[in-house]
């Protein structure tokens, strides 16, 4: 299972924390840390792949499609 992109996760948690009313931010609890914990826990339950894995599979699919088209042309010529 893929780990989340921590840069994106950091940006998301920061934006969530910034969107809260000031009264909530003064509770003493580190809101960003809590948001991050919740997001990481929920994302870990998902069956995600990394961007790199996705791009690799995308290239494999593109090559497979090209080969299929070539084979279809050969069969059509027969």
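No lab work stands behind these numbers, since they all come straight from the coordinates. Quick caveat, the model's predicted, so the values are computed rather than measured.
If you fit an axis through the alpha-carbon atoms of helix 6-18 and take the longest principal axis of the Cα set of the chain, what angle between them do you get, 0 to 90°, nearest 10?
Rounded to the nearest ten degrees, it is 40.
Using alpha carbons only, how many degrees (0 to 90, rounded to 10) separate the axis of helix 51-77 from the longest principal axis of the chain?
Once rounded, one gets 20 degrees.
Helix 31-44 against the longest principal axis of the chain: what's the angle in degrees, Cα atoms only, rounded to the nearest 10?
That helix lies at roughly 30 degrees to the long axis.
For the chain, what does the helix formula give at 222 nm: sum of -39500 (n - 2.57) over DSSP H segments with n ≥ 4, over the residue count, nearest 500 deg cm²/dmol?
Values: 4 runs with 58 residues, N = 78.
Calculated from helices alone, the mean residue ellipticity at 222 nm is -24000 deg cm²/dmol.
Using just the alpha carbons, could you tell me how many Å³ per residue the convex hull of the chain encloses?
Looking at the chain, the number lands at 106 Å³ per residue.
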